[in-house]
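Here's the structure we're looking at; comments come further down.
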Amino acid sequence: MSQAVASDPKKGKQFRKLLLRWYDREQRRLPWRGEKDPYRILVSEIMLQQTRVAVVEERYKTFIRQFPTAGDLARAREQTVLAAWSGLGYYRRARALHAATKEIAGNGGFPCTAEALRMLPGVGRYTAAAVASIAYGEPVAVVDGNVKRVLGRVLGRDLAEQQCWATAGEMLDHRRPGDFNQAIMELGAVLCLPGKPLCERCPVAVLCATRGATARRKQIPRRKAVLRYALAFRDGKVLLRQRPRTSSLMPGMWELPEYGELPAEEKPLMMMRHSITTTDYTVKVFAGGKAQEGRWVPLRRAERMAITGLTRKILRKAKGPNATK
């Protein structure tokens with residue numbers, strides 16, 4: 001039954017009907033659901049790149065409260081934007097979003113087609129299609145990892161990138177493109193899982209050629225490393241240093257100074273785990289009496305600065321100057 005679902009008008013219609021009926025009934029309550037403001041949709045889509053929905057939910061609401069419109073974000077200083085983004089990681093996303101809103105403000109309005117949206121900094125084919133279909137109802141399909149998995153199982157074969165886009169376009173519901181795009185991504189996120197798909201709860205299982213776990217891609221071994229930082233307080237201030245603007249990772253962000261020579265008997269104030277991209281770090285924080293380079297920043301101000309997510313975690317765990325006593 002599942003053969004050529006995309007090219008069979010009757011089966012394609014059935015797929016759309018079953019999927020959208022399920023989505024209308026079961027969609028997750030998320031702060032950007034039902035949103036038609038293209039700016040707010042763009043913020044959510046940029047935040048969701050490589051970041052879990054559970055993490056984005058609260059951060060999205062906080063970010064929108066601080067920058068409710070594209071104009072508000074465009075007028076903000078970069079360091080203010082990075083501070084608001086701190087903890088979400090992949091800071092190039094924040095810089096690109098900031099640059100995009102500046103272009104939007106300079107051009108006098110938000111682009112209203114996927115093609116025009118792709119001209120904005122940091123906006124690729126997927127993000128442009130998501131914003132255009134949800135905000136403006138443009139009949140353009142989206143393809144992400146979830147959509148690829150759903151299409152592969154429905155058709156019973158792996159599809160090349162361009163085949164995925166073409167197939168998604170053929171299956172798209174032109175009357176409700178934004179809802180359809182969100183529905184097929186939602187299906188892949190909550191039911192059509194890679195390891196243990198919940199086929200018994202899937203609304204389109206009757207049309208699906210392949211059931212069960214998807215073959216796992218070979219995992220790249222994660223690297224292990226140790227980071228050592230100095231934590232120094234003085235008169236209600238903390239010593240911070242700014243990462244070089246030329247740094248490939250988090251340029252311009254503020255962090256604790258690195259700890260220098262390590263005596264054998266030196267014991268850390270605290271230890272924690274932290275992961276960035278493909279590396280798992282063991283983080284050791286030492287009393288920073290020897291730290292010299294950097295800037296003394298009032299603790300209250302530090303919370304509002306563009307500090308790295310790891311530095312924010314350390315400062316919150318330290319609970320102020322008592323951590324060094």
Residue identified as in contact with a Ser or Thr (Cβ under 9 Å, 6 or more places away or on another chain), farther than 19 Å from I134 by Cβ and free of Cβ contacts under 8 Å to residues at least 40 places away in the same chain among A105, A114, A74: A74
What do you reckon, is A130 farther than 23 Å from T246 by Cα and buried (at least 16 other Cβ atoms within 10 Å of the Cβ)? yes
Unique residue being farther than 27 Å from H274 by Cα, surrounded by fewer than 19 Cβ atoms within 10 Å (Cβ to Cβ), touching a residue at least 40 places away in the same chain (Cβ under 8 Å) and not charged (D, E, K, R) when the list is Q66, Q14, Q79: Q14
Residue check, R95 surrounded by 15 or more Cβ atoms within 10 Å (Cβ to Cβ), in a helix (DSSP H, G or I) and basic (K, R): yes
Can you pull out the residues in segment 146-177 that are within 24 Å of the chain's Cα centre (by Cα), of a type in the set (A, V, I, L, M, F, W, C) and within 17 Å of I134 (Cα to Cα)? V147, A168
State yes or no: is E186 of a type in the set (D, E) and under 23 Å from the mean Cα position of the chain (by Cα)? yes
Checked against (1) of a type in the set (A, V, I, L, M); (2) surrounded by 15 or more Cβ atoms within 10 Å (Cβ to Cβ); (3) in contact (Cβ under 8 Å) with a residue 12 or more places away in the chain, V226 satisfies every condition except (2)
E303, sole failed condition from (1) under 26 Å from the mean Cα position of the chain (by Cα); (2) at pLDDT 85 or above: (2)
From Y39, Y23, which residue is farther than 18 Å from A141 by Cα, modelled with pLDDT of 95 or more and either aliphatic (A, V, I, L, M) or surrounded by 16 or more Cβ atoms within 10 Å (Cβ to Cβ) (or both)? Y39
V56, sole failed condition from (1) free of Cβ contacts under 8 Å to residues at least 40 places away in the same chain; (2) under 19 Å from G188 (Cβ atoms); (3) outside any helix (DSSP H, G or I): (3)
Can you tell me which residue among D72, D158 is surrounded by fewer than 19 Cβ atoms within 10 Å (Cβ to Cβ) and outside any loop (DSSP other than H, G, I, E, B)? D72
Assess whether A189 counts as being out of contact with any strand residue (DSSP E or B) (no Cβ under 8 Å at 6 or more places or on another chain), among the hydrophobic types (A, V, I, L, M, F, W, C) and under 21 Å from K10 (Cβ atoms). no
Yes/no for K290 being loosely packed, with under 11 Cβ neighbours inside 10 Å and either more than 26 Å from the chain's Cα centre (by Cα) or modelled with pLDDT of 90 or more (or both): no
Subset tally (residues that are part of a helix (DSSP H, G or I) and either under 15 Å from G188 (Cβ atoms) or aliphatic (A, V, I, L, M) (or both)) for segment 9-30: 7
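The values are calculated or read from the model by the stated rules, or taken from the named source; none is laboratory data. What you see is a predicted model; the values in this text were computed from it and never measured. When we count neighbours, we look across all protein chains shown, and the Cβ atoms used for this are built from the backbone with ideal geometry, even at glycine.
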